Amino acid sequence: MKDKKILITGASRGLGLAIAKKLSAEYSLILHASKPESFTEEIPNSELLCADLSDPEQTTAFCKQLKKEHGDTLYGVINNAGLTFDNSLIYQPEKHIDTMLNVNLKAPILICKTALKIFSASNRGVIINISSVVAETGNAFQAVYTATKAGLVALSKSLAHEVAALNQEHNIRVLSVSPGFIETAMTDKLSQEHKDKFFSMIPSRRFGKAEDVAETISFLLSDKASYINGTNIHVNGGMV
Ligand SMILES: NC(=O)c1ccc[n+]([C@@H]2O[C@H](COP(=O)([O-])OP(=O)(O)OC[C@H]3O[C@@H](n4cnc5c(N)ncnc54)[C@H](OP(=O)(O)O)[C@@H]3O)[C@@H](O)[C@H]2O)c1
């Protein structure tokens, strides 16, 4: 399946890196991060395509380059890059609001737009948008972050229906995946008090590992998951 190319955004660390490691045995990869220096590990069968997704001009240029250089072979997109600035909305600087909206929501929308143009021509492809458990539960001091993540669930469902409305027969799927509490740099920053609170909400009695999400992504990309479409898959140890 090396003729199938998969774009993974935010692949320099955390979930994106674990997904890249899992998929590199099966697919050719386009790995994204904000800048080339973010990558500290070499992944086989991969090339880099970098852009700061907080800057809409860079996102637009990234999408153009994706279509131009990989338009004939792109098979999958994992919209994984994301960030949060935890704060009360009352005190949240507008700059942080814009950054979260641009990186977590606007960039995935523009990348979906580019990918669907490519997939419409090849009549095949899979998009997986990485949402979060908090899209469903809400979370104090993450109002904007949770709004972006809920947006990705709605975006994925709507696009699955839109693909069907535009094509009688097709092999294109659009999904979202909502990780729970996964041990990465993003969750390392939380206070012990917060970690204990989340831990008490997890029936599986452990925090998730990036590999738990990577295994799920690998399955969802495969033909074994060909009837899973337009839905949101939870990977959270039962946290919801
Ligand atoms: N960890 C969890 O428990 C958890 C739970 C639910 C959902 N999620 C979601 O899963 C995804 C990955 O999370 P993670 O924990 O792996 O995060 P992470 O370790 O902080 O990694 C974030 C990735 O996103 C990239 N990124 C951040 N800001 C960017 C920007 N302005 N432009 C381009 N790329 C940017 C980073 O690239 P650089 O290295 O270049 O900065 C990095 O590769 C996120 O969307 C997050 O919301 C995580």
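The values are calculated or read from the model by the stated rules, or taken from the named source; none is laboratory data. Keep in mind it's a predicted model, so treat the numbers as computed, not measured. Here Cβ is always computed from backbone atoms with ideal geometry, including for glycine, and neighbour counts include all displayed protein chains. Ligands, DNA and RNA are excluded from the accessible area calculation, which covers all protein heavy atoms including side chains. Shrake-Rupley method; radii C 1.70, N 1.55, O 1.52, S 1.80 Å.
Observations
- Cβ crowding within 10 Å averaged over residues, with 8-18, 37-47 ranked highest first: 8-18, 37-47
- Built amide H within the under 5 Å cut-off of residue 77, gap 5+: 7, 126, 127, 128
- The range 5-235: C-alpha gyration tensor shape, a/c 1.5 cut-off, then a/b vs b/c: rounded
- Database remark: amide H of residue 29 closer than 5 angstrom to the amide H of 6, 46, 47 (H placed geometrically; neighbours at sequence offset of 5 or more, or on other chains; Pro and chain starts carry no H).
- Here residue 67 is the anchor, and the aspartates and glutamates within straight C-alpha reach of less than 17 Å, apart from those fewer than 8 places off in the same chain, are 3, 47, 57.
- Gyration tensor verdict on the range 87-151 (Cα atoms; rounded if a/c is under 1.5, prolate if a/b is larger than b/c, oblate otherwise): oblate
- DSSP H segments from the chain that extend 15 Å or more along their own axis, Cα-based, with Kyte-Doolittle mean of 0.0 or above: 107-122, 143-166, 210-221
- Three-way shape call for the range 23-86 based on the alpha-carbon gyration tensor, with the a/c threshold at 1.5: oblate
- FRET efficiency, residue 117 to residue 137 (Cβ-Cβ, R0 41 Å, nearest 0.05): 0.75
- Taking 7 Å steps out from each Cα toward its Cβ at residue 240 and residue 35 produces label points 3.8 nm apart.
- With a simple spin-label model that places each label point 7 Å from the Cα along the Cα-to-Cβ direction, the separation between residue 205 and residue 219 comes to 2.2 nm.
- Distance from the C-alpha centroid of the range 141-172 to that of the range 1-44: 23 Å, rounded to the whole angstrom.
- Of 21/197; 2/189; 5/195; 4/189; 5/149; 35/157, pairs whose Cα-Cα distance is over 27 Å: 21/197; 2/189; 5/195; 4/189; 35/157
- Potential extension, residue 191-residue 69 segment - 0.36 nm per residue separation minus Cα distance: 39.6 nm
- Simple spin-label estimate for residue 48 and residue 86 in nanometres, 7 Å along Cα-Cβ: 3.0
- Calculated accessible area for the range 5-235 comes out at 49 Å² per residue, all protein chains present (probe 1.4 Å; ligands, DNA, RNA ignored).
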